[in-house]
Amino acid sequence: QMRTCSQFSDKGWFQSMFVHEVEARKDAHSNLLSKSETSDLYKIQFHNVKPECLEAYNNLEAEVQHKLHVDQDYPCDVVGSWNTWYGDQDQAVHLWRYTGGYPALTECLTKLNNNKEYRDFRMERSKMLVSRRNQLLLEFSFWNEPTPRNGPNIYEMRSYKLKPGTMIEWGNHWARAIKHRQENNEAVGGFFSQIGDLYEVHHLWAYKDLQSREETRNSAWQKEGWDSSVYYTVPLIRSMESRIMIPTKSSPLQ
């Protein structure tokens, strides 16, 4: 007996080729990948500065960051501040930590918006900028906690834009891969975006110099398991970027 078109459209074999069952997720990937023992929220800022203003910009930022550090009324602190050496030129990068998550961020923003001295700082800083961008981040549970360190060091920030839906797979592979990169104390911190450009990951590394970076990265390939970690994570990446950065004088990460 010939079936009608409507019968095929309801439950026909053609439809079954394209419809598949999706197992319901029990939790957001942010809860599965971030550190459950802390409620810290991170913000990263990328400021592109007018070339002639970079020194004045660094001095102004250092002054304001110091005031926020010593003022216990603000639940935020600067993890690190840098100028990009190789990558985008005349760029400043700042990583902030908000202890207490989104409520701490809201509290800081409210207090700063009511702070005339800070409003004047932002007005003065705006005259020095070409453009700016920021993101809110969470920290991967399997990475080191970013803590102040002595220098001199150079820092590399490797930023990966992932294919949507691959963050859990990325985390599973890197939870194993990071063990191959901690012997020389080069692993500083690993973060993934929550607001801003989504499905973006930032890995932060510290090295004594560019030659040390080259030797450390090459030595990872001699360790069993590193090659397979790279092999399985590369297909998850849409694009990637590397910045070599120099800490500013006021940065807790030197």
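When only alpha carbons are used to place a centre, region 36-83 and region 225-254 end up 21 Å from one another. What is region 131-254 by shape, rounded, prolate or oblate, if you read a ≥ b ≥ c off the alpha carbon gyration tensor as root eigenvalues and call it rounded for a/c under 1.5, prolate for a/b larger than b/c, and oblate otherwise? Oblate, because a/c is 1.5 or more while a/b does not exceed b/c.
Extension gain, D77-E124: 0.36 nm per intervening residue step, less the Cα-Cα distance, totals 14.8 nm.
Take every pair of alpha-carbon atoms less than 8 Å apart whose residues are at least six positions apart; their mean separation over the length of the chain yields a relative contact order of 26 percent. Given the pairs K43/K223; K179/K249; K179/K208, which are separated by over 29 angstrom at their Cα positions? Over 29 Å apart, Cα to Cα: K43/K223; K179/K249. Treating each Cα of the chain as an identical point scatterer and summing with the Debye formula, the log10 of I(q)/I(0) at q = 0.16 Å⁻¹ comes to -1.27. Remark: accessible surface ordering of D227, D71 (largest first) is D227, D71, probe radius 1.4 Å. Counted residue by residue at 0.36 nm each, then reduced by the alpha carbon distance between them, the extension gain from E183 to R217 reaches 11.1 nm.
Amide H to amide H distances under 5 Å link S39 with G100, where only residues 5 or more positions off or on other chains count and H is placed in the peptide plane. Take the chain and mark each of the GluC sites (Glu not before Pro) that is in a DSSP loop with at most 12 other Cβ atoms within 10 Å; the longest unmarked stretch, sites excluded, is 38-182. Residue separation of Q45 and I237 scaled by 0.36 nm, minus their Cα-Cα distance, works out to 66.9 nm of gained length. When the solvent-accessible area of the chain is split by element, carbon and sulfur atoms take up 52 percent of it, the probe being 1.4 Å. Looking at the chain as a GNM with Cα springs under 10 Å, which of K116, K208, K179 has the largest mean-square fluctuation? For the chain, modelled as a Gaussian network with Cα springs under 10 Å, the answer is K116. Ranked by solvent-accessible area (1.4 Å probe, protein heavy atoms only, all chains present), the residues I246, I237 order from largest to smallest as I246, I237. Based on protein heavy atoms only, the chain ends up with 57 Å² per residue of surface accessible to a 1.4 Å probe.
Across K163, K43, the residue with the most accessible area heads the list, and the full order at a 1.4 Å probe is K163, K43.
The values are calculated or read from the model by the stated rules, or taken from the named source; none is laboratory data. Treat the numbers as computed from the prediction; the structure is a model and nothing was measured. So basically every Cβ, Gly included, is an ideal-geometry build from the backbone, and we count neighbours across all protein chains shown. Please note that ligands, DNA and RNA were not included when accessible areas were found on the heavy atoms of the full protein model with its side chains. Shrake-Rupley method; radii C 1.70, N 1.55, O 1.52, S 1.80 Å.
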